[in-house]
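In what follows, a single structure is set out as structure tokens and then discussed.
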Amino acid sequence: MNSGDKTLHCRDCGQEFIWTAGEQRFFAEKGLVNQPTRCTACRTARRQATGGDTEGFVSRARVAHPVTCAGCGRETTVPFVPRGDRPVYCSSCFDQQRTAAPSY
């Protein structure tokens, strides 16, 4: 073990794992300040269980809400809940609205 290596304990399985000096440099280069809390095997298992998200982020499924376009009347879906007090457009009509709007 190099003098810069650190022995840490995995919060999931309790096993010791080595956080190498090279990994520590990588964390520092990326601006990460916290030490890893899981060994490689537990990190991999956690990623697979959460659909590939990294630690600290909750996996969210993308939800599509069906709407009728206020511009052309075509049925489409949007990734947000329409409020009802504002028109909702399909992507084509939205692009037309955006390019036609005056820029301030």
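Quick look at the numbers
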| read-out | value |
| --- | --- |
| Integer Hz, Karplus 6.51/-1.76/1.60 couplings in order for the range 23-39, x for Gly and Pro | 5, 5, 5, 4, 4, 5, 4, 7, x, 7, 9, 8, 6, x, 10, 10, 6 |
| Sorted peptide list for 88-101, 28-41, criterion being average Cβ within 10 angstrom, highest first | 88-101, 28-41 |
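Values quoted throughout were computed directly from the atomic coordinates according to the rules given, and no laboratory measurement underlies them. Keep in mind that what you see is a predicted model, and the values were worked out from it rather than measured. Every residue, glycine as well, gets a Cβ built from its backbone with ideal geometry; the counts of neighbours run over all protein chains shown.
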